[in-house]
Amino acid sequence: MRTALEGKNIVLGVTGSIAAYKALDAASKLTQAGALVDVILTASAEKFITRLSFQSITHRQVYTDLFDSSSDLAIHHVALAERADLIAIYPATANTLAKLAHGIADDTLSTTVLASRAPLLVAPAMDGYMYNNPATQANINLLEQRDIHIIGPSSGHLASGLTGTGRLVEPTALIEEIKVILGRQGDLTHLSIVVSAGGTQEPIDPVRVITNHSSGKMGYAIAEAARDRGAKVTLVTASKGIPDPAVHTVTKVTTVNEMRNAVLAACEDANVVIMAAAISDYTPVTVATQKIKKDTESDRMSIEVRKTNDFFLEIPPQVLRVGFAAESEHLVTNAAEKLERKGMALIVANDITAADSGFNVDTNRVTFVDKTGMSEELPLLTKYEVGHKILDKVQSLLHDSG
Ligand SMILES: Cc1cc2nc3c(=O)[nH]c(=O)nc-3n(C[C@H](O)[C@H](O)[C@H](O)COP(=O)(O)O)c2cc1C
């Protein structure tokens, strides 16, 4: 699976908000991720944005008029409702929220929603006064009581020129939420998985650190793959540059000690831990309180370091443990030795000398070594695909251990 949205039928309802232009970006991102996007525009949405734009992006028919005799809906007016895996209304006006809350079906979008059993995700966007109006708030409450998913609105600059709550969430947030909702039908809904990611930083003084080249991409890809299959995911991350995925919990850490505390706390109610973080093996013996000045007398300076505590063995034994081994030589032998020493169920070894795998790229070439001694070399895959392969393996190891 290239992405969680591959082959999914997503109905994207667009209503008459000034923020409707963002729906083009959402339609484009969903289509690029492999979703089959059926756009429904309300009559008001068409005042802001054209069918042609959506048609050009999705390469599919765009629906507006329920009574259009040239549309395939003329033959079967609830066809979109039936084939939808999910309906997202982005943006959702106060008017459309009111119609949804009260079961009004007077156009293609509201009729489709009423006729569908697919999950519904609604992203309100409006002026702050419209949003705070008791009528709108009561309508949102009604929708929430019916387990309709509401995302946003966020706060910030509004089209009215005022600052307040009513801003449409960004397309990426919408898409993350769609994946979370679709993931609830996945095969890992019974699992609570802790994933660590990124390279830790050990301070030398207030401005300098000991760190490594880990970007965090592999850990994030595993967290997303697990989320997309319905697992409850806690991501403990030392990564700085990657946007947070929409998982159950994201805990940011910097040092090995912070990583240890966060991972052990999260493992208390977890079934599986996948340690993709690159954790520093050494830390300075003392951390200078002031910036260490350049020595004008000598060309050399040394920093005394000590080994960090390896907390892998402190993880409760009932938690299935998956580790990584970044190796530059003797991949399988070194990985097997590490697996044994640390009591892991599975180790994912990657050859960091290859340009297309390891640090800071979106692909990886890994070899699995498991506790039975079996080793399996995987072809070059995206890190997201590697994430799924690890999770498949975790499933079978959990199955084998009863
Ligand atoms: C320039 C302009 C911007 C508007 N922006 C919004 C908006 O962001 N949110 C909203 O709820 N209504 C907004 N409206 C009002 C809606 O377009 C109006 O309530 C319309 O009936 C909504 O119809 P629909 O829900 O069927 O799309 C705006 C109207 C205009 C003229």
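The values are calculated or read from the model by the stated rules, or taken from the named source; none is laboratory data. Being a predicted model, the structure only gives us computed values, none of them experimental. Cβ atoms come from the backbone with ideal geometry, glycine included; neighbour counts cover every protein chain shown. Ligands, DNA and RNA are excluded from the accessible area calculation, which covers all protein heavy atoms including side chains. Shrake-Rupley method; radii C 1.70, N 1.55, O 1.52, S 1.80 Å.
For the listed peptides 52-61, 87-96, 362-371, a ranking on the average number of other beta carbons within 10 Å per residue, highest first, reads 87-96, 362-371, 52-61.
Translational diffusion of region 9-183, estimated by Stokes-Einstein from the Kirkwood radius over alpha carbon pairs at 20 °C in a medium of 1.002 mPa s, is 135 µm² per second. By DSSP, the beta bridges lying fully in region 9-183 are antiparallel in about 20 percent of cases. Placing unit charges on the Cβ atoms of the charged side chains and taking the dipole of the chain about its Cα centre, the candidate lying farthest along the positive direction among LEU158, LEU5, THR249 is LEU158. Its alpha carbons considered, the chain gives a radius of gyration followed by a Dmax of 25.2, 87 Å.
Placing unit charges on the Cβ atoms only, positive for Lys and Arg and negative for Asp and Glu, gives region 192-400 a dipole magnitude near 460 debye about its Cα centre.
In region 294-349, Cα pairs under 8 Å separated by at least six residues give a relative contact order of 35 percent. Take the chain with all the other protein chains still there, run a 1.4 Å probe, and you get 48 Å² of accessible area per residue. Take every DSSP beta bridge whose two residues both sit in region 185-287; close to 10 percent of them are antiparallel. Ligands, DNA and RNA left out, the 1.4 Å accessible surface of region 9-183 is 54% carbon and sulfur atoms.
If R0 equals 56 Å, the separation of the Cβ atoms of GLN55 and SER298 corresponds to a calculated FRET efficiency of about 0.20. How many lysine pairs are close in region 192-400, with Cα atoms under 12 Å apart and the two 8 or more places apart or on different chains? Taking region 192-400 as the scope, the lysine pair count is 6.
May I ask you to derive the relative contact order of region 1-105, considering only C-alpha pairs under 8 Å and at least 6 residues apart, and to give it as an integer percent? Relative contact order, region 1-105: 37 percent.
Sparsely packed loop sites in region 288-379 (the GluC sites (Glu not before Pro) outside DSSP H, G, I, E and B with at most 14 other Cβ atoms within 10 Å) comprise GLU297, GLU304, GLU329. The heavy atoms of ASP392 offer some 70 square angstrom of accessible surface to a 1.4 angstrom probe.
Summing charges over all other residues whose Cβ lies under 15 Å from the Cβ of ILE148, with Lys and Arg as +1 and Asp and Glu as -1, gives +1.
Where both partners of a DSSP beta bridge lie in the chain, what percent of those bridges are antiparallel, to the nearest 5?
Taking every DSSP beta bridge with both residues in the chain, the antiparallel ones total about 30 percent.
Of the peptides 246-254, 119-127, the order by per-residue mean of other Cβ atoms within 10 Å, starting with the highest, comes out as 119-127, 246-254.
Stokes-Einstein diffusion for region 87-190 at 10 °C, viscosity 1.306 mPa s, with a Kirkwood radius from C-alpha pairs, works out to 111 µm²/s. Once the dipole of region 1-122 is set up with Lys and Arg at +1 and Asp and Glu at -1 on Cβ about the Cα centre, which of LEU41, LEU30, HIS76 lies farthest towards its positive end? Of the listed residues, the answer is LEU30. In the frame of its principal axes, region 173-290 has Cα extents of 52, 29, 19 Å, reported largest first.
Taking the Cα centre of region 138-283 as origin and assigning +1 to Lys and Arg Cβ atoms and -1 to Asp and Glu Cβ atoms, the resulting dipole is close to 180 debye. Comparing mean-square fluctuations of TYR384, TYR63, TYR282 from a GNM of the chain with C-alpha springs under 10 Å, the top value falls on TYR282.
Summary value for region 28-86: 30 percent relative contact order, contacts being C-alpha pairs under 8 angstrom separated by 6+ residues. Here the average projected area of the convex hull drawn through the C-alpha atoms of region 192-400 stands at 12.6 nm².
Can you send over the carbon and sulfur percentage of the accessible area for region 192-400, probe radius 1.4 Å, protein chains only?
Carbon plus sulfur share of accessible area: 49 percent.
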